1. Can you tell me which residue in segment A:188-204 is nearest to A:Glu44 (Cα to Cα), limited to those that are free of Cβ contacts under 8 Å to residues at least 60 places away in the same chain and open to solvent by 30 Å² or more (accessible area, probe 1.4 Å)?
2. Can you find a residue in segment B:89-104 that is in a loop (DSSP other than H, G, I, E, B), surrounded by fewer than 18 Cβ atoms within 10 Å (Cβ to Cβ) and within 17 Å of the chain's Cα centre (by Cα)?
3. B:Tyr49 passes all but one of (1) among the aromatic types (Phe, Trp, Tyr); (2) open to solvent by less than 20 Å² (accessible area, probe 1.4 Å); (3) within 8 Å of another protein chain (Cβ to nearest Cβ); which number fails?
4. Can you name every residue in segment A:52-79 that is open to solvent by 40 Å² or more (accessible area, probe 1.4 Å), among the aliphatic types (A, V, I, L, M) and within 7 Å of chain B (Cβ to nearest Cβ)?
5. Just to be sure, is A:Ala82 within 14 Å of another protein chain (Cβ to nearest Cβ) and more than 30 Å from A:Asp205 (Cα to Cα)?
6. Among the candidates B:Gln47, B:Gln86, single out the residue that is out of contact with any strand residue (DSSP E or B) (no Cβ under 9 Å at 6 or more places or on another chain), over 16 Å from A:Val67 (Cα atoms) and assigned to a loop (DSSP other than H, G, I, E, B).
Protein chains: 2
Amino acid sequence: MAIRYPNGKKYIPVQNNQNQATKPAQKKLDYSNRGMTLEEDLNETNQYYIENNIAIVHKKPTPVQIVNVSYPKRSAAVIKEAYFKQASTTDYNGVYKGRYIDFEAKETKLQTSFPLKNFHEHQIIHMQNVLDHGGIAFIIIRFSQTEEIYYLPAETLISYWNEMLAGGRKSIPKKDIERFGDLIPIGYAPRIDYIKIIMRKFEWDLS
Amino acid sequence: MAIRYPNGKKYIPVQNNQNQATKPAQKKLDYSNRGMTLEEDLNETNQYYIENNIAIVHKKPTPVQIVNVSYPKRSAAVIKEAYFKQASTTDYNGVYKGRYIDFEAKETKLQTSFPLKNFHEHQIIHMQNVLDHGGIAFIIIRFSQTEEIYYLPAETLISYWNEMLAGGRKSIPKKDIERFGDLIPIGYAPRIDYIKIIMRKFEWDLS
């Protein structure tokens, strides 16, 4: 049985780099036949950015509430009971040309809209805070049926979120993501070149 | 028995904010009689910065390698086996006036020097990367015997690290921390006002 986070998202263990050479490629049915999750693609992208001296971006560890740890003699501490916690911030942050950048990545199987329930209020507040303090905040949305990946400014997400709170629709129509966002072409290296979008959008501001 | 990380650091569970009102104040013998750890003081400081619209800084979750999760019906997923992982970055990062800031906080019981074994090579490389990309990187060092807290630029730490790799001493003398760092006075709110140091050091650069 698939293991799931409280939010229903499937738990996919982080790949250990040391095992990649010997591990057979895992095919995931819900991610076409490329065998990579959005998270893996972003991790590879971030690795590419670091190695090529473009930006320093890392994914934050999964937040876990640790309840019980056993400490056997002569071996590493074992966490025996812990729970997934709701993230209070977004998953990715880092630095590009001195500027703070911050984003969350999500995917949907829907084809015509992106549901706002993919976010928690804490994350929306965090993104608003980042914008207020001069950081660059955005989301990366993957439409898994069509393999399209978009960069959407946090400003747009927050505006739809506020409309929802005022009784509006609970999702962002895909046509608005196309209008206010930027399609990120899927490449080989880097796979999801979101820094190129930032470069274009903020070139007047980043020297 | 005290639970410890593989590096020998004691594991202190993160306080749940919702419990603070009802929980009796915990006194920790190794942190004077203030009953607060360095991490708790920094979390309160960061909370103060957010609430007072000064900066957005968060501690990253403790990195954990999850091995086994059970998913009972009608209740939250339980992590049954997991291990503490070595951090590949520093613990704290965020944004101040658009600029990326990044730091690690450590304490020592020694009185005349600060041992470099408090850091891993990954963290040193990460701090160098942050500097190379125009971010502000530093460490916060607490001398627990004297209750003194210093801001030390990552540049100074890295320079001592490189000297150690070349056969030099394995610690930074306290007199050099006093010379190259800044004493952070302990306050009530915020408790550890490191942003004031950044403000002073980088005022020519942050408008």
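The values are calculated or read from the model by the stated rules, or taken from the named source; none is laboratory data. Just so it is clear, the structure is predicted and the values come from calculations on it, not from any experiment. Don't worry about glycine lacking a Cβ; one is built from the backbone with ideal geometry, like all the others, and counts go over all protein chains shown. For accessibility, only protein heavy atoms count, side chains too; no ligands or nucleic acids. Shrake-Rupley method; radii C 1.70, N 1.55, O 1.52, S 1.80 Å.
1. So the residue we want is A:Tyr188.
2. no
3. (3)
4. Hit for segment A:52-79 is A:Ala76, nothing else.
5. Working: within 14 Å of another protein chain (Cβ to nearest Cβ): yes; more than 30 Å from A:Asp205 (Cα to Cα): yes.
Yes.
6. B:Gln86
Yes/no per residue for (1) more than 16 Å from the chain's Cα centre (by Cα); (2) in a strand (DSSP E or B); (3) more than 26 Å from B:Tyr48 (Cα to Cα):
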{"site": "B:Leu110", "(1), (2), (3)": "yes, no, yes"}
{"site": "B:Phe114", "(1), (2), (3)": "no, yes, yes"}
{"site": "B:Phe138", "(1), (2), (3)": "no, yes, no"}
{"site": "B:Gly168", "(1), (2), (3)": "yes, no, yes"}
{"site": "B:Ala189", "(1), (2), (3)": "yes, no, no"}
{"site": "B:Lys196", "(1), (2), (3)": "yes, no, no"}
{"site": "B:Glu203", "(1), (2), (3)": "yes, no, no"}
